[in-house]
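Structure, as structure tokens:
Here, each number is a calculation from the coordinates, and none is a lab measurement. In this text the structure is predicted, and so the values were computed from the model without any measurement.
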Amino acid sequence: MPDETTAAPGKTPRAVILGCAGEQLSADESRFFSAADPLGFILFRRNCRSRAQVRELVAALRGAIGRSDAPILIDQEGGRVARLRPPSWRLYPSATRLGSLPDPKAEVAVRLGARLIADDLGDLGITVDCLPVLDVPVAGAHPVIGDRAYGTEPDRVTKLARAACHGLLDGGVLPVIKHIPGHGRARVDSHHTCPVVETESDELLRTDFAPFHALAAVPWAMSAHIVYVTIDSTAPATLSRCVISEVIRGVIGFGGVLVSDDLSMRALGGDLAERASRALTAGCDLVLHCNGDRREMEGIVSAVGPISTHTGERLARAEATRQGSIRPEEFDRREAEEKFDALLGGGEISEIAEQ
């Protein structure tokens, strides 16, 4: 549960990001969100049909809680994880496709692609993108990460993920590095069951943790629902005070906003209220619930108090980073798309199966 630094109820938003059911906000949902007062919201494919429709939904979500600056999140990675799709939006290549380009073309393409994504999101009022993936897949790992990764070497993942962060920030969108401290060794899909990684800590530090350590100054990160046996054999990272305090905040040195991965994923045990409480107790700043199910959200909200003072400070630093990183020069969308397509060699993108 929230610690002693938590503000009084009603004075600050709850430490939760919620989803909504469809393309429009119902009156019942609006009343629920007004009472629940989540910090912000996350959009999925079910919520996104057209530009005008998404703009209206974003405005309605913020209006329901009375905060025009409430964070609106989305998973717009490119490839198979893209909530915004044709015909209203262009489709972007997967991280692996971009990572397959030769240097220095790959780095330029990743940054430019992220800048184009930021332009898409900014037009809609979306301020946080759950991109980039910093996971380093190994042989035999489950394909849930697969082509969402920039490569299989920590240094290359770091370089290209950094370029993606710069591209998003150039366009006024906060990046979220995920899935900290590393999902690349998972042999099962954490959407359905809990992965267990038995690799020794020194090897994890050299490989899986390395990109996160290099990008520890990024303002937001998302936790991994994975058990790291040599660190804490009793709980996945999202629910482990040991992993969060000693590894994520300690060894990796991440000091920004830590949001859980989706609480409804089956990697976590217990009911949703228990999951939310345990994640916050372990050290997550915020918990995330994505599917828009009213009953599930009610359970989570019952267990979540207002954001802590520390979380408020981290959020403020993140926003200051976003504001300070926006490049003031005019952005020519058509010119940027032409350059991006040229970097890709004019190849057609057809990676449309969604995670």
Worksheet item: ASP155 to ASP293: extension gain in nm, 0.36 nm per residue of separation minus the Cα-Cα distance?
Response: 45.7 nm
Item to complete: Report, ordered by chain and residue number, the aspartates and glutamates lying within cross-link reach of LYS178, taken as a straight Cα distance under 17 Å and ignoring same-chain residues fewer than 8 apart.
Response: ASP75, GLU77, ASP129, ASP135, ASP147, GLU153, ASP155, ASP189, ASP208, ASP261, ASP262, ASP285
Worksheet item: For the range 17-328, what is the percent of antiparallel DSSP beta bridges, rounded to the nearest 5?
Response: 10
Discussion item. Distance between the C-alpha centers of the range 72-149 and the range 219-264? Whole Å please.
Written reply: 23
Response to the item:
Note on the chain: contact order normalised by length, alpha-carbon pairs under 8 Å, 6 or more apart, percent, works out to 21
